[in-house]
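**Q** Got a structure for you, questions after.
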Amino acid sequence: MTPDATAPQSTLPHRRALVVGASGITGSALVQRLSADGWQVSALSRSAGTRDGVRGIAADLRDPDSLRTALADEQPTHVFFTAWQRQATEAENITVNGGMVRDLLAALDHAPLEHVALVTGLKHYLGPFEAYAASEMPDTPFHEEEPRLDTPNFYYAQEDELMAAAARQGFTWSVHRSHTVIGHAVGNAMNMGLTIAVQATLAKELDLDFVFPGSEAQWDGLTDMTDAGLLAEHMVWAATSPEGADEPFNIVNGDVFRWRWMWPRLAAHLGVDPARVVGYQDAPRPLEQQMAPHESAWPAIAARHGLVEPDITRLASWWHTDADLGRAMEVVTDMSKSREAGFTGYRRTERAFTDLFDRYRSDRLVP
């Protein structure tokens, strides 16, 4: 990214970022990026401590009073909102996740906010989990100007709260619609990269097939993904560039692939015997069902290899990977709007996966 592309409205020493959801995949990448770029960075979470130059702020996003108290003396110029909490129904998702955006920004009505960046995703076009791809959808590739679906969606509620706060408080905003995000985090509910690495470990250790869990459409069709580092780069660009103000943007790596090509390549990097690599055959085979009989083996595997996390539920998000790979349609995303606005970041998805696997090995999360 060029210096001109990231020139802030305020000078560098006055860039003060508040990252909401800093322990997640996107939040972790943002903290790393902002810190490297010289920002003053604060991170909000339920329990917080200062480390690596990032100051922690403890607050409960679902408690307006807690937010008001925790943020009373905070003066961020930029907010990067990456948090969400999954609920049992979409009505509850709307209440909880829309409310978190509303209450967080209301608690910062005294701050000199210049820009607020919000992460959502392609469920903007596909619909929420409980009505996933059930209604009429726009054709692929997805474009930002498509009208909203006629289906309740917490992403829409978050956008509405963001825009309403921007009108009241005078900051610019951006919305970042990512596809499946892969990046480094532990204990995250949406973590395909680590989930696949754990699946491969179980396959090797227990002499199981490494089975693609998804649909025929995903196995054979084109798709794309989003690297967390690229998403962080995109958010910083939008937050500090006039072309990024008051706009929604899709954000994916920039390449496309088919899982029938990617799956054996990931297996090879993870050390799976090629003879045990199995693609789509007749019907999806969800990981929640595949892996349930084998989860109990993880503590012994972790002990045998000196791994740091014996709790498999903090590593693998079977349900989310099943949802992404089980779609019965092609999912491809258009990046023209960002390109025309000046964002030229790119990642090769295979490299994003393999770099991530190497990092998880280095951290002793997988052998």
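The values are calculated or read from the model by the stated rules, or taken from the named source; none is laboratory data. Fair warning: this is a prediction, and the values are worked out from it, not measured in the lab. Note that each Cβ is placed from the backbone with ideal geometry, even for glycine, and that neighbours are counted across all protein chains shown. Remember, those area values only see protein heavy atoms, side chains included, never the ligands or the DNA or RNA. Shrake-Rupley method; radii C 1.70, N 1.55, O 1.52, S 1.80 Å.
**Q** Using all Cα-Cα distances in the range 168-296, what percent lands in each 5 angstrom bin from 0 up to the longest?
**A** Per 5 Å bin, starting at zero, the Cα-Cα P(r) for the range 168-296 comes out as 2, 9, 15, 19, 17, 12, 9, 6, 5, 4, 1, 0, 0 percent.
**Q** In sequence order, what are the phi-derived ³J(HN,Hα) couplings for the range 112-121 according to the Karplus relation 6.51 cos²θ - 1.76 cosθ + 1.60 with θ = phi - 60°, rounded to whole Hz, with x for glycine and proline?
**A** Ordered by residue, 3J(HN,Hα) equals x, 5, 9, 7, 10, 10, 10, 8, 10, x Hz.
**Q** How much length would be gained if the chain were fully extended between R359 and A328, taking 0.36 nm per residue of separation minus their Cα-Cα distance, in nm to one decimal?
**A** Full-extension gain reported as 8.0 nm.
**Q** Remind me, relative contact order of the chain in percent, using alpha carbon pairs under 8 angstrom and six or more residues apart?
**A** Relative CO of the chain lands at 19 percent.
**Q** Can you tell me the 0 to 90 degree angle between the C-alpha axis of helix 349-362 and the longest principal axis of the chain, rounded to 10?
**A** 80 degrees
**Q** Along the range 170-179, what does the Karplus equation 6.51 cos²θ - 1.76 cosθ + 1.60 (θ = phi - 60°) give for ³J(HN,Hα), rounded to whole Hz, x for Gly and Pro?
**A** Taking θ as phi minus 60°, the curve returns x, 9, 8, 9, 8, 10, 10, 8, 8, 8 Hz for the range 170-179.
**Q** Let me ask something else. Tell me, what HN-Hα J-couplings in whole Hz come from the Karplus equation 6.51 cos²θ - 1.76 cosθ + 1.60 at θ = phi - 60° for each residue of the range 72-79, using x for Gly and Pro?
**A** Once rounded to whole Hz, the list reads 4, 9, 7, 10, x, 8, 9, 10.
**Q** Using amide H atoms built 1.01 Å from N in the peptide plane, name the residues 5+ places from S178, or on other chains, whose amide H lies under 5 Å from its own.
**A** Long-range HN contacts for S178: T120, G121, L122, I251.
**Q** OK, next. Using amide H atoms built 1.01 Å from N in the peptide plane, name the residues 5+ places from I57, or on other chains, whose amide H lies under 5 Å from its own.
**A** A43, L44, S45
**Q** How would you rank 332-342, 92-102, highest first, on the average number of other Cβ atoms within 10 Å across their residues?
**A** 92-102, 332-342
**Q** Rounded, prolate or oblate: which fits the range 146-231 when a ≥ b ≥ c are the square roots of the eigenvalues of the alpha-carbon gyration tensor, with rounded for a/c under 1.5 and prolate only if a/b beats b/c?
**A** Because a/c hits 1.5 or more and a/b exceeds b/c, the range 146-231 counts as prolate.
**Q** Right, another one. Shape verdict for the range 272-367, please, from the Cα gyration tensor: rounded (a/c under 1.5), prolate (a/b greater than b/c) or oblate.
**A** oblate
**Q** Per DSSP H run of at least 4 residues, take -39500 (n - 2.57); add these up for the chain, divide by its residues and hand me the 222 nm value, nearest 500 deg cm²/dmol.
**A** Helix contribution divided over all residues of the chain: -10500 deg cm²/dmol.
**Q** Report the label-to-label distance for R51 and D246 in nanometres (one decimal), using points 7 Å from each Cα along the Cα→Cβ vector.
**A** Spacing of the two 7 Å Cα→Cβ label points: 4.1 nm.
**Q** If packing is taken as the average number of other Cβ atoms within 10 Å across a peptide's residues, how do 170-179, 297-306 rank, most packed first?
**A** The most tightly packed comes first, giving 170-179, 297-306.
**Q** So, one more: How large, in percent, is the carbon and sulfur part of the accessible surface of the chain at a probe radius of 1.4 Å?
**A** Ligands and nucleic acids excluded, carbon and sulfur reach 48 percent.
**Q** I would also like to ask the following. Just to be sure I understand the model, the point goes 7 Å from the Cα along the line to the Cβ. What's the resulting D65 to S35 distance in nm?
**A** 3.4 nm
**Q** Suppose all protein chains stay in the model; what accessible area per residue would a 1.4 Å probe give for the chain, in Å²?
**A** Averaged over the residues of the chain, the accessible area is 41 Å².
**Q** By per-residue mean of other Cβ atoms within 10 Å, what is the highest-first order of 313-321, 151-159?
**A** Output ranking for 313-321, 151-159: 151-159, 313-321.
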